[in-house]
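These notes are about the structure you will find just below.
The values are calculated or read from the model by the stated rules, or taken from the named source; none is laboratory data. Just so you know, these numbers come straight off a predicted model, no measurement behind them. Note: ideal-geometry Cβ built from the backbone for every residue, glycine included; neighbour counts use all protein chains shown. To get the accessible areas, we keep the full protein, side chains included, count just its heavy atoms, and leave off ligands, DNA and RNA. Shrake-Rupley method; radii C 1.70, N 1.55, O 1.52, S 1.80 Å.
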Amino acid sequence: YIVGSFSSEPSDMTCVSGSFLYDQTYGSYSDLAFGDDNDVNELITNSAFTADQQIVMGYISDDDSRDVAMGARLVADDDAKTSSWCNGYTGYICQLVRSSTSDDDVTSYKYYIRECTESGSLSTISYSSSSYTADVGALYYLTFEAYGDELTCTMTDSEGNEESSFSTTDSTFDREGAGMMAGYSPVVYLHYFPAPEPTPAPTGTPTPPP
């Protein structure tokens, strides 16, 4: 399953929060989706995938303190939280909580793996004790893997080199569900969103396609 590019509004994803402009350009990158609402801008797949999922998005942030997030095993639920990254769905969230540094060209971030619960909350399962850094305005790929009880978030640069990774375990949502990509804009650009058919848990960091 591959959206491909965002040269136009994707027919197999739905905007559930905020709004997007498509066919956007940033530097040498084109066919981007730009969330232009000053809040969470979120796209979710119209189709569900089997429980074992590997979801990838590319993103570029033109600010040093804007969060981005991905979701896996998401299912619409009337009792789910209707705001933040949940927006009416229960399931898992991988969030990069970003913060400013003394250098405007560098951002600091931590991983938070969370769940949108059936009781209407967004709760944290675990988060990284270490902080990592990334360049503002650079393209990165964020991978969210759900294999059995293991949940893993990994950041790679545009060449596929691993920058950081964080894992935890949880058994609450072992099910089929949709995928999600989101950014707290209006200064986050989203690249393509491949969500392939389930494969055996990878032995190394997946390399994003060119």
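Pairs of Cα atoms under 8 Å, at least six residues apart: use those to get the relative contact order of the chain, whole percent. Don't jump to the answer; show the numbers that get you there.
Values: 599 pairs, mean separation 62.3, N = 210.
Value for the chain: 30 percent.
Using the Cα centre as the reference, give the magnitude of the dipole from point charges on the C-beta atoms of the chain (Lys, Arg: +1; Asp, Glu: -1; all else neutral), rounded to the nearest 20 debye. Before the final figure, lay out the partial values.
Values: 7 positive and 33 negative charges, 50 e Å.
The calculated dipole for the chain is roughly 240 debye.
Classify the chain from the C-alpha gyration tensor, please: rounded if a/c falls under 1.5, else prolate or oblate depending on whether a/b exceeds b/c.
Details: a/c = 1.29, a/b = 1.19, b/c = 1.08.
Taking the square roots of the gyration eigenvalues as a ≥ b ≥ c, the chain is rounded.
Express in whole angstrom the spacing between the alpha-carbon centres of segment 1-45 and segment 102-119.
Cα centres, segment 1-45 to segment 102-119: 20 Å.
Roughly to the nearest percent, how much of the accessible area of the chain is carbon and sulfur, given a 1.4 Å probe?
On the way: 3570 of 8780 Å².
Heavy-atom surface of the chain belonging to carbon and sulfur, 1.4 Å probe: 41 percent.
Ranked by accessible surface with a 1.4 Å probe, highest first, in what order do 159, 115 come?
Details: 159 135, 115 30 Å².
The residues order as 159, 115, largest area first.
Over the chain, with a Gaussian network built from C-alpha contacts below 10 Å, which listed residue (181, 13, 70) shows the highest mean-square fluctuation?
Top of the fluctuation ranking is 13.
Which ³J(HN,Hα) values in Hz, rounded to whole numbers, follow from the phi angles of segment 82-98 under the Karplus curve 6.51 cos²θ - 1.76 cosθ + 1.60, where θ = phi - 60° and Gly and Pro get x?
9, 9, 6, 8, 7, 6, x, 10, 9, x, 9, 10, 10, 10, 8, 8, 9
Averaged per residue, what accessible surface does the chain expose to a 1.4 Å probe, in Å²?
Working: 8780 Å² over 210 residues.
Heavy-atom SASA per residue in the chain reads 42 Å².
Search the structure for amide H atoms under 5 Å from the amide H of residue 176, placed 1.01 Å from N in the peptide plane, and list their residues when 5 or more places away or on another chain.
51
Summing +1 for each Lys or Arg and -1 for each Asp or Glu, what net charge is found among the other residues whose Cβ lies under 10 Å from the Cβ of residue 96? Mind dumping the intermediate values first?
On the way: positive: 66, 98, 110; negative: 67.
Around residue 96, the charge tally is +2.
Put +1 on the Cβ of each Lys and Arg and -1 on the Cβ of each Asp and Glu in the chain; which of 180, 82, 55 then has its Cα farthest toward the positive end of the dipole?
82
Just the isolated ones, please: cysteines in the chain lacking another cysteine beta carbon under 4.7 angstrom.
15
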